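Structure, as structure tokens:
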Amino acid sequence: MSTSLMERTARREFPTCPPTAPVVFIVDDDISVRESLELLVAYAGWRVETFSCAREFLARARTKVPSCLVLDLSLPDLNGLDLQKSLAVDRTDMPIIFITGHGDIATSVLAMKAGAVEFLTKPVPDDVLLNAIRDAIDRSRALLEHEAEMQALRDCHASLSRREREVMAGVVTGRLNKQVAAELGITEITVKAHRGRLMRKMRADSVADLVRMAVRL
């Protein structure tokens, strides 16, 4: 740590980040590690929140901004791998960077297979950790954007009536209006009306666009 950074640390001078800035969560039971990582991350320009145990972190509500978790492998309650499993259900947009003072190959393989983006051994060089965090934040941002797009698509589909969904199912499989009409027992004119409405509700510019949406759904 540079002399100027040490001086600012002693004065507890932290840069101010907007609430929309990415956040780095740190879970480590060693207070000296937490404080040093907090300073490093804060001066790199990210928001940072620290926790001493897994359960304390789990009590924190899910964030809606890009984020990542710097996680110690050995914790006093749940260990890092157990916490990783707990987060796999509803926080998939938050990449995990493991740090440990006594890791082994088998454990690192388990962590990476479960989705961790890095498995680093303490002491971790500042530039290595910051690069890992930067990559994790970028991944989190992409995941959140994808999730938002999918939610908007699901909302559009949910706005369709039952009949509009039936017509959409026929259209995306390549059926002609008259074929859809015959299958549903309605007139071709009615199919065209439903088709026009569902295209507007789905915000689809073409049938090909609608097919792509159906595939994503």
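The values are calculated or read from the model by the stated rules, or taken from the named source; none is laboratory data. Here the structure is a predicted model, which is why all the values come from computation and not from measurement. Note that each Cβ is placed from the backbone with ideal geometry, even for glycine, and that neighbours are counted across all protein chains shown.
Being over 19 Å from residue 23 (Cα atoms) and touching a helix residue (DSSP H, G or I) at 6+ places or on another chain (Cβ under 8 Å) narrows it down to one residue among 157, 102; which is it?
Working: 102 fails: touching a helix residue (DSSP H, G or I) at 6+ places or on another chain (Cβ under 8 Å).
Result: 157 is the single residue among 157, 102 that is over 19 Å from residue 23 (Cα atoms) and touching a helix residue (DSSP H, G or I) at 6+ places or on another chain (Cβ under 8 Å).
Here residue 53 meets each of (1) closer than 22 Å to residue 123 by Cβ; (2) at pLDDT 90 or above; (3) surrounded by 19 or more Cβ atoms within 10 Å (Cβ to Cβ); (4) not β-branched (Val, Ile, Thr) with one exception, condition (3). Just checking, does the range 106-122 include any residue being surrounded by 18 or more Cβ atoms within 10 Å (Cβ to Cβ), among the hydroxyl-bearing types (Ser, Thr, Tyr) and free of Cβ contacts under 8 Å to residues at least 60 places away in the same chain? Yes; the residues of the range 106-122 include at least one that is surrounded by 18 or more Cβ atoms within 10 Å (Cβ to Cβ), among the hydroxyl-bearing types (Ser, Thr, Tyr) and free of Cβ contacts under 8 Å to residues at least 60 places away in the same chain. Give me a count of the residues in the range 147-176 that are crowded, with 16+ Cβ neighbours inside 10 Å and under 30 Å from residue 94 (Cβ atoms). Qualifying residue count, the range 147-176: 3.
This table checks each residue for (1) assigned by TED's automatic domain parsing to the domain that holds residue 28; (2) part of a helix (DSSP H, G or I); (3) at pLDDT below 90.
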| position | (1), (2), (3) |
| --- | --- |
| 76 | yes, no, yes |
| 84 | yes, yes, no |
| 94 | yes, no, no |
| 131 | yes, yes, no |
| 138 | yes, yes, no |
| 153 | no, yes, no |
| 174 | no, no, no |
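Of the candidates 164, 147, the single residue that is in the same structural domain as residue 210 (by TED's automatic domain parsing) and assigned to a helix (DSSP H, G or I) is 164. Checked against (1) at pLDDT 95 or above; (2) under 30 Å from residue 44 (Cβ atoms), residue 165 passes all but condition (2).
Taken together, the residues in the range 34-73 that are farther than 9 Å from residue 24 by Cβ, assigned to a strand (DSSP E or B) and over 17 Å from the mean Cα position of the chain (by Cα) amount to 3.
Scanning the range 177-207 for residues being over 35 Å from the mean Cα position of the chain (by Cα) and either surrounded by fewer than 15 Cβ atoms within 10 Å (Cβ to Cβ) or part of a helix (DSSP H, G or I) (or both) gives a total of 17.
Would you pick out the residues in the range 131-146 that are buried (at least 18 other Cβ atoms within 10 Å of the Cβ) and not small (Gly, Ala, Ser)?
Here is the first cut: in the range 131-146, the ones buried (at least 18 other Cβ atoms within 10 Å of the Cβ) are 132-133, 136-137, 140.
If the condition is that a residue be buried (at least 18 other Cβ atoms within 10 Å of the Cβ) and not small (Gly, Ala, Ser), then 133, 137 are the ones that fit.
Apart from one condition, residue 116 fits all of (1) in a helix (DSSP H, G or I); (2) closer than 20 Å to residue 88 by Cα; (3) not acidic (Asp, Glu); the exception is (1).
For every residue, the table says whether it meets (1) at positive phi; (2) surrounded by fewer than 22 Cβ atoms within 10 Å (Cβ to Cβ); (3) of a type in the set (A, V, I, L, M, F, W, C); (4) touching a residue at least 40 places away in the same chain (Cβ under 8 Å).
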| position | (1), (2), (3), (4) |
| --- | --- |
| 59 | no, yes, yes, no |
| 64 | no, yes, no, yes |
| 67 | no, no, no, yes |
| 74 | no, yes, no, yes |
| 78 | no, yes, yes, no |
| 82 | no, yes, no, no |
| 87 | no, yes, yes, no |
| 91 | no, yes, no, no |
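Within the range 26-50, residues that are without any contact (Cβ under 8 Å) to a residue 24 or more places away in the chain reach partners that are not in a strand (DSSP E or B) with beta carbons closer than 8 Å, at six or more positions or on different chains, in the pairs 31/52; 34/28; 34/52.
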